[in-house]
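Written below as structure tokens is the structure these notes are about.
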Amino acid sequence: MPRRVDVYFSLLSPWAHLGHAPFTELVAKHGLEVAWKPVQLGALFAETGGLPLGKRAVQRQRYRFVELQRWAAKRGRPLVLRPKHWPFEPDLADGCVLSLLEQGEDPAGFIGAALRAVWEEERDLTDRATLAELLAAAGHDAARTLAGAETPSTAAAYEANRAAAASGSVFGSPAYVLDGEVFWGQDRLDLLDEALETGRPPYTADF
């Protein structure tokens, strides 16, 4: 039986972009079942003590830019540090992922393309035509998916993911959850790989 990893993320996140390709390699390596869980980061930050970028101390903002450059180089990925259409309201784009899941389709290809669109190509993920193009290129029914992205059931699923993230000690994007153990950030993928390799029991915090 394949092991399952829950992935909490938003298409708003540069770290989700940098982690997407290496995570999909782990999926293939270990034959994982993946539960993709888009989450509204603003609401999650508000509940778990995080701050949007513009409200963080300047020292933290500067360090974030340095880390993005380090990890883009390490991952061998191009990355625009200040994309012209970022920050943006991610609900529609994230909702497309939820809509694909509702249709029983694998959203991984669209997720990767959408993240590249923001962080490499500086495209606007609030634009329906852009999303339709990305969905069609990934082999999905764009009109059906976009319609599904704006339904009450999708909004409810988005909120359920936020609640599950907070209750499961998730507070940022991306977070990979294996057997209840949270691996926060694409820089923890090596540790996730080791946990999968060894089959060790999950580490827990008893408070």
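The numbers here are math on the coordinates, done by the rules we state, and not lab data. Quantities reported herein were computed from a predicted structural model and do not represent experimental measurements. Cβ: placed from backbone, ideal geometry, glycine included. Neighbour counts: every protein chain shown.
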The simple spin-label model distance between L53 and A35, using points 7 Å out along Cα→Cβ, in nm, is 3.0
Can you find, among F88, Q59, I111, the residue farthest towards the positive end of the dipole of the chain? Put +1 on the C-beta of Lys and Arg, -1 on that of Asp and Glu.
Q59
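With a 10 Å Cβ neighbour count serving as the proxy for reagent exposure, in which order, fewest first, do R75, R82 appear?
Working: R75 16, R82 7.
By the 10 Å Cβ count, ascending, the order reads R82, R75.
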Which percentage, to the nearest 5, of the DSSP beta bridges contained in the chain is antiparallel?
55
Sticking with the crude label model, points 7 Å out along Cα→Cβ, report the distance from V80 to D141 in nm, one decimal please.
3.2
For segment 61-73, just list the computed ³J(HN,Hα) in residue order, Karplus coefficients 6.51, -1.76 and 1.60, θ = phi - 60°, integers in Hz, with x standing in for Gly and Pro.
5, 5, 5, 4, 5, 5, 4, 4, 5, 4, 6, 4, 5
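With charges only on Cβ, +1 for K and R and -1 for D and E, what is the dipole size of the chain about its Cα centre, in debye, rounded to 20? Present the calculation step by step, with values, prior to reporting the outcome.
Values: 22 positive and 28 negative charges, 174 e Å.
Dipole about the Cα centre, nearest 20: 840 debye.
Order the peptides 26-33, 103-110 from the highest to the lowest mean number of other Cβ atoms within 10 Å of their residues. Provide the component values of the computation, followed by the final result.
Working: 26-33: 13.8, 103-110: 16.5.
Packing order, densest peptide first, comes out as 103-110, 26-33.
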Please list 3J(HN,Hα) in residue order for segment 116-127, calculated via the Karplus relation 6.51 cos²θ - 1.76 cosθ + 1.60 where θ = phi - 60°; whole Hz, with x for glycine and proline.
5, 4, 6, 8, 10, 10, 6, 9, 9, 7, 8, 8
Simple label model, 7 Å out from Cα along Cβ direction - E194 to S153, nm
4.2
Using alpha-carbon positions, the gyration tensor of segment 113-170 gives root eigenvalues a ≥ b ≥ c; with a/c under 1.5 called rounded, otherwise prolate if a/b exceeds b/c, else oblate, the class is oblate
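Pairs on different chains or at least eight residues apart, Cα atoms closer than 25 Å: how many lysine pairs in segment 1-112 fit?
Numbers: K29/K37; K29/K74; K55/K84; K74/K84.
Here the count comes out as 4.
Can you tell me which of 118-130, 56-68 comes out highest on packing, and rank the rest after it, using the mean Cβ neighbours within 10 Å? Let's see the in-between values first.
On the way: 118-130: 16.9, 56-68: 11.7.
In descending order of packing, they fall as 118-130, 56-68.
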I'd like to know which of P201, A160, S173 lies farthest towards the positive end of the charge dipole of segment 115-207, counting +1 on Cβ of Lys and Arg and -1 on Cβ of Asp and Glu.
A160
Given H placed 1.01 Å from N in the peptide plane, which residues other than close sequence neighbours of L79 have an amide H under 5 Å from its amide H?
none
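Answer rounded, prolate or oblate for segment 4-198, using the Cα gyration tensor with square roots of eigenvalues a ≥ b ≥ c: rounded when a/c is under 1.5, else prolate when a/b is larger than b/c, else oblate.
Working: a/c = 1.27, a/b = 1.12, b/c = 1.14.
Rounded, since a/c falls under 1.5.
May I ask you to derive the relative contact order of segment 1-45, considering only C-alpha pairs under 8 Å and at least 6 residues apart, and to give it as an integer percent?
Values: 42 pairs, mean separation 25.9, N = 45.
58 percent.
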Residue-ordered couplings for segment 92-98, obtained by feeding phi - 60° into the Karplus form 6.51 cos²θ - 1.76 cosθ + 1.60 and rounding to whole Hz (Gly and Pro as x), are 5, 5, 4, x, 5, 5, 5
